[in-house]
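Asks: The structure's right below; bear with me while I get my questions together.
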Amino acid sequence: MKYFLAYYFRLLRVIDLQKIKNLILIYGSYYFNLIFRRNIHRGEPWSLSIETGTFCNLSCLECPSGQKQFLRPTGVLSLENFKTIIQKQKRNLIWLILYFQGEPFLNKEFFKMVAHARSQKIFTSTSTNGHFLTPKKAEETVKSGLDRIIISLDGLDQQTYEQYRVGGNFNQVMNGIKNLVDARKRLKASNPLIVVQFIVFKFNESQISKAKALKSELGVDKVELKTAQIYSATDDNKLIPNNSKYTRYSQTTEGLWKIKKPVPNHCNRMWRAAVVTWDGNVVPCCFDKDAKYVMGNLLTESFSEIKNTTTYKNFRNQVFTDRAKIEICKNCSEGL
């Protein structure tokens, strides 16, 4: 309860009348579409994920960044381009996620990006593997004004942790979490809200109860359990846990893995959120990791122009008519 109160209080601090008006336009037009099946998009995203770069220090098994399997250009977001995007979206933007693919702390301008977004009254969040939270970086994180940080910790010992986080160091991540908690206390700050994320796999599901205990042991604000995402229906996948409560997939009689819930013909993410790659390309959501569905470029176009392109309109129409045919939607469990 304490976490959610702090979380929503931080969100309320950045909301003004213009952003409320935008929220009404977004959800009003979305539900109008849902009821009348019309392709109308009003307002602009109140949530934006911006990729700080595509590079990562780890080689996680199901991650295109870690596996170096990108089919799209790779690179690092510049501070100048970041400010260009923020300038265009700041009047309607409530929530900024400085993360898509890659490790955010590898971008040398990361803290300047956070500070700039905070100066524009935008809630800032990021997700990290936790390897770069030295005492100095932990202090910089707090001083930057970052509102929330998710730190991935998918195992409670080195042997378990490295089964998915290949190349990672369990003790280094644990020390990083402690450094951040200590820096927050030392600076007498309430930010960032610290979330430890534990992706449940077959090899670590026996550690779930111990993972939950990390909240009090480490002094973090929340421990969040997350289901794993896989990309092949035919693999004899050793990642999917035995406890069906912690997986988004079920197995067919033919032995194929499929997402448990049917894919309905609607998705509110097409209205409330978008993802921007390091080079400015706008894609529908975080499931489009290889940017197969580029709708426009926010460095050279406005979002109003992008959302009204034939490409984006056709995509939204597909979502409302036969969403299951969209490749990235077949593995989706969000926006419903």
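Asks: Given the alpha-carbon gyration tensor of the stretch 32-80, what are the semi-axes of its equivalent ellipsoid in whole angstrom, ordered largest first, with each equal to the square root of 5 times an eigenvalue?
Replies: After diagonalising the Cα gyration tensor, the semi-axes are 34, 16, 10 Å.
Asks: Restricting to DSSP loop positions (anything but H, G, I, E, B) with no more than 14 other Cβ atoms inside 10 Å of their own Cβ, which trypsin sites (Lys or Arg not before Pro) remain in the stretch 60-89?
Replies: Counting only loop positions with at most 14 other Cβ atoms within 10 Å, the trypsin sites (Lys or Arg not before Pro) in the stretch 60-89 are LYS68.
Asks: In terms of Cα to Cα distance under 16 Å, which lysines are near enough to LYS258, apart from those fewer than 8 places away along the same chain?
Replies: Those lysines meeting the cut-off are LYS238, LYS245, LYS325, LYS330.
Asks: Here's something else I'd like to know. For PHE303, what accessible area in Å² do you get when you roll a 1.4 Å probe over the heavy atoms of the protein chains, rounding to the nearest 10?
Replies: Accessible surface of PHE303 is approximately 0 Å².
Asks: Mind ranking 122-130, 135-143, 194-202 by how tightly packed they are, going by the mean number of other C-beta atoms within 10 angstrom, highest first?
Replies: Top of the packing list down: 122-130, 194-202, 135-143.
Asks: OK, next. Which residue, GLU162, GLU217, GLU109, tops the fluctuation ranking in a GNM of the chain built on C-alpha contacts under 10 Å?
Replies: Result for the chain, Cα springs under 10 Å: GLU217 fluctuates most.
Asks: Related question: Within the stretch 229-336, report the GluC sites (Glu not before Pro) that DSSP leaves as loop and that have at most 10 other Cβ atoms within 10 Å.
Replies: Listed in order of number, the matching sites are GLU254.
Asks: At 0.36 nm per residue, and after removing the present C-alpha to C-alpha distance, how many nm does the segment from ILE20 to SER302 gain when stretched out fully?
Replies: 99.5 nm
Asks: Which lysines, on any chain, are close to LYS215 with Cα under 17 Å apart, when same-chain ones fewer than 8 places away are left out?
Replies: LYS2, LYS178, LYS185, LYS226
Asks: What is the spin-label model distance, in nm, from ASN314 to THR74 if the labels are put 7 Å beyond Cα along the C-beta direction?
Replies: My value for the distance between the label points is 3.1 nm.
Asks: Please give, to one decimal in nm, the separation of the simple spin-label points placed at GLN120 and GLN172, each 7 Å out from Cα toward the Cβ.
Replies: Going from the GLN120 label point to the GLN172 one covers 3.2 nm.
Asks: Grab the DSSP H runs of the chain that are 4 residues or longer, score each as -39,500 (n - 2.57), total them, divide by all residues and round the 222 nm result to the nearest 500 deg cm²/dmol.
Replies: Using -39500 (n - 2.57) per qualifying helix, the result is -10000 deg cm²/dmol.
Asks: Rounded to the nearest 0.05, what FRET efficiency is calculated for LYS143 and ILE328 with R0 set to 41 Å and r the Cβ-Cβ distance?
Replies: About 0.65, to the nearest 0.05.
Asks: Calculate the spin-label point distance for GLU224 paired with SER190, positioning each point 7 Å from the Cα along the beta-carbon direction, and give it in nanometres.
Replies: Each label point is offset 7 Å from its Cα along the Cβ direction, giving 2.0 nm.
Asks: What's the carbon and sulfur percent of the stretch 1-55's accessible surface, probe 1.4 angstrom, rounded to a whole number?
Replies: Ligands and nucleic acids excluded, carbon and sulfur give 71 percent.
Asks: Also: Quick one: of the DSSP bridges fully inside the chain, what percent are antiparallel, nearest 5?
Replies: So the antiparallel bridges amount to about 25 percent of the total.
Asks: Could you give me D for the stretch 14-56, from Stokes-Einstein at 37 °C and 0.692 mPa s, where the hydrodynamic radius is the Kirkwood radius over C-alpha pairs? Units µm² s⁻¹, please.
Replies: This corresponds to a translational diffusion coefficient of 269 µm²/s.
Asks: Counting only pairs 8 or more residues apart or on different chains, how many lysine pairs in the stretch 68-143 have their Cα atoms under 19 Å apart?
Replies: For the stretch 68-143, the number of qualifying lysine pairs is 15.
Asks: In Å², what does the accessible area per residue of the chain work out to with a 1.4 Å probe?
Replies: I get 47 Å² per residue for the chain.
Asks: With a/c under 1.5 counting as rounded, go ahead and sort the chain into rounded, prolate or oblate using the C-alpha gyration tensor (a ≥ b ≥ c being the square roots of the eigenvalues; past the cut-off, prolate if a/b is larger than b/c, else oblate).
Replies: oblate
Asks: Could you pull the accessible area for SER216 with a 1.4 Å probe, rounded to 10 Å²?
Replies: SER216 exposes around 100 Å² with every protein chain in place.
The values are calculated or read from the model by the stated rules, or taken from the named source; none is laboratory data. Predicted model only: the values in this text are computed from it and were never measured. With ideal geometry, Cβ positions are generated from the backbone for all residues, glycine too; neighbour counts draw on all protein chains shown. Side chains included, ligands, DNA and RNA excluded: accessible areas come from the protein's heavy atoms. Shrake-Rupley method; radii C 1.70, N 1.55, O 1.52, S 1.80 Å.
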